[in-house]
Amino acid sequence: MRCGYSPCTTQSLHDAQCVVASLLNTNMLLVPGGGASEMAMSLHLEQYARTISDRRQATFRMFASALLSIPSALASNAGLRAWHVIANLKQAQTLQQCCWCVVVRAREAPASH
């Protein structure tokens, strides 16, 4: 059995190195995506759940809550207060009708993209 990397593995490692180099060269710490899509889906599911009067409502609310674990984990891993970041993201996306995400830059959140 031969030990080594496949061409796909080598390309994936190269791509990851390019992303890290790009982040380091721009002097920014950025979490791509930042949970913006999960936050938006969560808000839409919560809104939809309010229109349902049967037991399915709980399912939609629980799934919406589960989606919040992504931006919450991103905030926690960055050393931010997750509950504070989630509250700010919910408010920003609700009021602005815009896509807001967790951005880790000098401990600031949220940011619009």
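Nothing in this text is a laboratory measurement; each read-out follows from the coordinates by a stated rule. Keep in mind that what you see is a predicted model, and the values were worked out from it rather than measured. With ideal geometry, Cβ positions are generated from the backbone for all residues, glycine too; neighbour counts draw on all protein chains shown.
Figures for the structure shown
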{"read-out": "Per-residue HN-Hα couplings for the stretch 74-86 [Karplus 6.51, -1.76, 1.60; θ = phi - 60°; Hz; x = Gly/Pro]", "value": "4, 5, 4, 5, 8, x, 8, 7, 4, 4, 5, 5, 4"}
{"read-out": "Burial ranking of peptide ranges 85-95, 13-23, 41-51 (average Cβ count within 10 Å, highest at the top)", "value": "85-95, 41-51, 13-23"}
